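Written below as structure tokens is the structure these notes are about.
The values are calculated or read from the model by the stated rules, or taken from the named source; none is laboratory data. Just so we're clear, the structure is a prediction, and the values are computed from it rather than from any experiment. Positions of Cβ are generated from backbone atoms using ideal geometry, with glycine treated the same way; all protein chains shown enter the neighbour counts. Keep in mind that these areas ignore ligands, DNA and RNA; they rest on the heavy atoms of the full protein, side chains included. Shrake-Rupley method; radii C 1.70, N 1.55, O 1.52, S 1.80 Å.
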Amino acid sequence: MSSYLQLSGINKTYGNFTALENVDLEVEKGEFVTFLGPSGSGKTTTLMLIAGFATPTRGTIDIEGASLAGLDPQDRNIGIVFQNYALFPHKTAAENVYFPLQMRDVKRLEGMRRADEMLDLVGLAGFSHRYPKELSGGQQQRVALARALVFEPDLLLLDEPLGALDKNLREQMQIEIKRIQKKLGVTTIFVTHDQTEAMSMSDRICVFSNGKIEQLGKPLDIYHRPKTKFVADFIGESNLIPARITDAANCKAQSNVLGDVTYGTQSGTELRDGQEVSLVIRPEHLKLSSKRLADRMSAGIEIETIVNYGDNALVIGTSESQQIRVRVPGADVVILNEGDKCFISWTQDDVFVVTD
Amino acid sequence: MMRRMTRLVDHQTIWPWLLLLPLAVYLLVFFAVPLIEVLKMSVTEPKPGLGNYQKVFTGALYGKVFLNTFGTATLVTVCCLIVGYPLAYLMSNTTPRRAMMILLLITMSFWTSFLVRTYAWMVLLGNNGPIIWLIEMIGIADPPGLLFTRFSSTLAMVHILAPYMIMNIYSVMKKIDPVLIRSAESMGARGGSLFRHIYLPLTAPGIANGAVLVFVICLGFYVTPVLLGSPREQMVAGLIGNQIEQFLAFGLGSAMAVVLLVITLIVLGIYHSRFGLDKLWG
């Protein structure tokens, strides 16, 4: 199978430091893939390798079967939106967008017309003659996006483009970027350390940790079926509870906190009896009740802290000195008090096993 | 109204002005008063009227000297730019250690009295100096005199003024975000087009600053052109010195000084309207 963008066996070392180790990735044409991970996890390094600003120590990068090795960034036909937009301060919005066309010898009249069209598409009609410093952060972002798309690149790379925007604008831009990406059908790699951004925008998420791809999959798969402790902890909120596998064949584990637990079927790594693992239960999957519920597995808990968010509340309690977090709907929280003793309950499908 | 009054005598408001007082007095005594005196002399010596200005604007010699001054200042500015721009580029793109070394060399030369540097050039370029000796060594008999020519005065002035140009351009180059260059590269810009469309416009403010400083300082340069330059290609400052020292023509000298001052202010005014004078010193 040959996919559109293919990274095979990528390694990148700086002296003794290994920035990337055996990264393999295939991206389909038109796909929106997010590189998600904490800073220093290798996601930006991978992006820079694709863009051609650094060379892999080992491994190959191909677009449509053609190797990018030896091609300068100038010759890769890849559009990039940088974190701080990197707009040219001495050029107007339209001139900024025209620039990549100018470098491709498109005549000014034709180029400026296409620049205006692209500005129109990103919702900036009428702002052509403004200089970057006369534009708001969100508007600058749109210009940068238009500039990265106007020359019909083979690939669009977005390097934490929403980092500098405030929350409302971020959400608005997430929707905008997704809309434009879909409309143009451009294959896109999006780098972020923000998991909600990754969840809401991506076709697939590629989770990076310590220079390796930790997990690659659809957003909901990653959320509901993380394979490692790192992914479970990094994507969404998790209760990570130490446990030991007692009967791998029948999905049984034993934990000090939860007692005997039957976990949901586990894809991925093979588990063996006696193995030390972590059980993951999302806070929103736990139910609080005053009595044990007959149809659910349950454990006792003492409520320590209640944090209200309006539409929901985070209840933090302890069970056998293990901290447990529970999300409850905002309406339910009024009957709870700090210091209450009650029960948490869950079903088999709410529990899954991750290894280190 | 009362509140305003009390705030005016508030010591927090008055204190900064008090701190400025010594400087204000100094400037008044040693700058404003002499300047007014010069203005006065230009219309009163030797007799009241605008006769001196008439001479400055109609005398063929004076016009030629002013033109020559402009020509020299332009030439020196262009030479400073040609020398300074690549050096500033090197400094802002090399290792911090090397940049430091170059900076040190430039500032060392900058800190040396320009009178000393002017005399040093006299020794180097003189008829018995090492450069003439070198030219004779490679077989050119009877080389042309280097000293007391436009070449020698321009060379020395470029040497003295280039640091202003270098520092101004360097400080702007240092502030250019490398991501801008990367970004341009990702869009296909390289080499000449990258320089022409991105790098040069981004460094233009530094060039403008440096050029105005060099040009303005050069307009009023006295010692170096007088000591090293050709007597036939005098500059205004030297001519003013001549009028006052040799001919005791205080009125005519003052009138020329006023004209030079006005021209300088016009140059700064044009700069101010485009960039703002507050940016001149970085």
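Just checking: which of the helices (runs of 4 or more DSSP H) contained wholly in region B:83-161 hold 1 or more residues that are within 15 Å of B:L227 (Cα to Cα)? Outline the logic, then answer.
Numbers: elements: B:96-111, B:114-125, B:130-137.
Correct list: B:114-125.
Out of the residues in region A:68-107 that are hydrophobic (A, V, I, L, M, F, W, C) and within 7 Å of chain B (Cβ to nearest Cβ), which is most open to solvent (accessible area, probe 1.4 Å)?
Checked region A:68-107; the qualifying residue most open to solvent (accessible area, probe 1.4 Å) is A:M103.
Looking at (1) away from chain B (no Cβ under 14 Å); (2) part of a strand (DSSP E or B); (3) touching a residue at least 60 places away in the same chain (Cβ under 8 Å), which one does A:G59 not meet, given that it meets all the others?
(3)
So, A:K43, is that one away from chain B (no Cβ under 14 Å), touching a Pro at 6+ places or on another chain (Cβ under 8 Å) and charged (D, E, K, R) or not?
On the way: away from chain B (no Cβ under 14 Å): yes; touching a Pro at 6+ places or on another chain (Cβ under 8 Å): no; charged (D, E, K, R): yes.
Answer is no for this residue.
Within region A:231-249, restricting attention to residues that are closer than 14 Å to A:L36 by Cβ and in contact (Cβ under 8 Å) with a residue 40 or more places away in the chain, which residue is nearest to the chain's Cα centre (by Cα)? First the steps, then the outcome.
Let us first name the residues in region A:231-249 that are closer than 14 Å to A:L36 by Cβ, namely A:231-236.
Subset that is in contact (Cβ under 8 Å) with a residue 40 or more places away in the chain: A:231-232, A:234-236.
Details: A:V231: 11, A:A232: 13, A:F234: 10, A:I235: 8, A:G236: 11 Å.
Residue satisfying both the conditions and the ranking: A:I235.
Against the definition (closer than 14 Å to B:A257 by Cα and either part of a loop (DSSP other than H, G, I, E, B) or over 25 Å from the mean Cα position of the chain (by Cα) (or both)), how does B:K47 come out, yes or no?
Values: closer than 14 Å to B:A257 by Cα: no; either part of a loop (DSSP other than H, G, I, E, B) or over 25 Å from the mean Cα position of the chain (by Cα) (or both): yes.
So B:K47 fails the test.
Quick check on my filter: what residues within region A:135-191 are open to solvent by 10 Å² or more (accessible area, probe 1.4 Å), within 14 Å of another protein chain (Cβ to nearest Cβ) and within 16 Å of the chain's Cα centre (by Cα)?
A:D159, A:E160, A:G163 - these are the residues of region A:135-191 that are open to solvent by 10 Å² or more (accessible area, probe 1.4 Å), within 14 Å of another protein chain (Cβ to nearest Cβ) and within 16 Å of the chain's Cα centre (by Cα).
Out of all the residues in region A:304-337, which are acidic (D, E) and either modelled with pLDDT under 85 or touching a helix residue (DSSP H, G or I) at 6+ places or on another chain (Cβ under 6 Å) (or both)? Don't jump to the end; show me each part of the working.
From region A:304-337, those acidic (D, E) are A:304, A:311, A:320, A:332; that's our starting set.
Within region A:304-337, A:D311, A:E320, A:D332 meet the criteria.
For region A:203-213, indicate whether the set of residues that are among the aliphatic types (A, V, I, L, M), closer than 13 Å to A:V33 by Cβ and not in a strand (DSSP E or B) is non-empty.
Keep residues of region A:203-213 that are among the aliphatic types (A, V, I, L, M), which gives A:205, A:207, A:213.
With the extra rule that they be closer than 13 Å to A:V33 by Cβ, the set shrinks to A:205, A:207, A:213.
Subsequent filtering for residues that are not in a strand (DSSP E or B) retains none.
No, the conditions are met nowhere in region A:203-213.
Search region B:178-189 for residues that are more than 7 Å from chain A (Cβ to nearest Cβ) and pair each with any residue that is of a type outside the set (D, E, K, R) and open to solvent by 10 Å² or more (accessible area, probe 1.4 Å) when their beta-carbon atoms are under 7 Å apart and the residues are at least 6 apart or on different chains.
Within 7 Å, the pairs are B:A184/B:L194.
Do you know which residues across region B:122-175 are surrounded by fewer than 16 Cβ atoms within 10 Å (Cβ to Cβ) and within 14 Å of another protein chain (Cβ to nearest Cβ)?
B:K175
So, B:L252, is that one surrounded by 23 or more Cβ atoms within 10 Å (Cβ to Cβ), of a type in the set (A, V, I, L, M) and in contact (Cβ under 8 Å) with a residue 24 or more places away in the chain or not?
Numbers: surrounded by 23 or more Cβ atoms within 10 Å (Cβ to Cβ): yes; of a type in the set (A, V, I, L, M): yes; in contact (Cβ under 8 Å) with a residue 24 or more places away in the chain: yes.
For B:L252, the condition - surrounded by 23 or more Cβ atoms within 10 Å (Cβ to Cβ), of a type in the set (A, V, I, L, M) and in contact (Cβ under 8 Å) with a residue 24 or more places away in the chain - is met.
Could you tell me which of the residues B:A60, B:A73 is out of contact with any strand residue (DSSP E or B) (no Cβ under 8 Å at 6 or more places or on another chain), among the small types (G, A, S) and at pLDDT 90 or above? Don't jump to the end; show me each part of the working.
Details: B:A60 fails: at pLDDT 90 or above.
Just one listed residue meets the conditions, B:A73.
Give, as residue ranges, the strands (runs of 3 or more DSSP E) completely inside region A:250-302 that count at least 1 residues that are free of Cβ contacts under 8 Å to residues at least 24 places away in the same chain. First the steps, then the outcome.
Values: elements: A:252-255, A:259-262, A:276-281, A:287-289.
In region A:250-302, the matching strands (runs of 3 or more DSSP E) lie at A:252-255, A:259-262.
Take the conditions part of a loop (DSSP other than H, G, I, E, B), modelled with pLDDT under 95 and either closer than 29 Å to A:Q348 by Cβ or open to solvent by 50 Å² or more (accessible area, probe 1.4 Å) (or both) and apply them to A:P226. Does it pass?
yes
Could you please find all residues in region B:136-164 being modelled with pLDDT under 85, over 19 Å from B:M235 (Cα atoms) and within 31 Å of the chain's Cα centre (by Cα)?
B:P144, B:G145
Consider A:G59 carefully, then state whether it is crowded, with 20+ Cβ neighbours inside 10 Å and small (G, A, S).
Numbers: crowded, with 20+ Cβ neighbours inside 10 Å: no; small (G, A, S): yes.
For A:G59, the condition - crowded, with 20+ Cβ neighbours inside 10 Å and small (G, A, S) - is not met.
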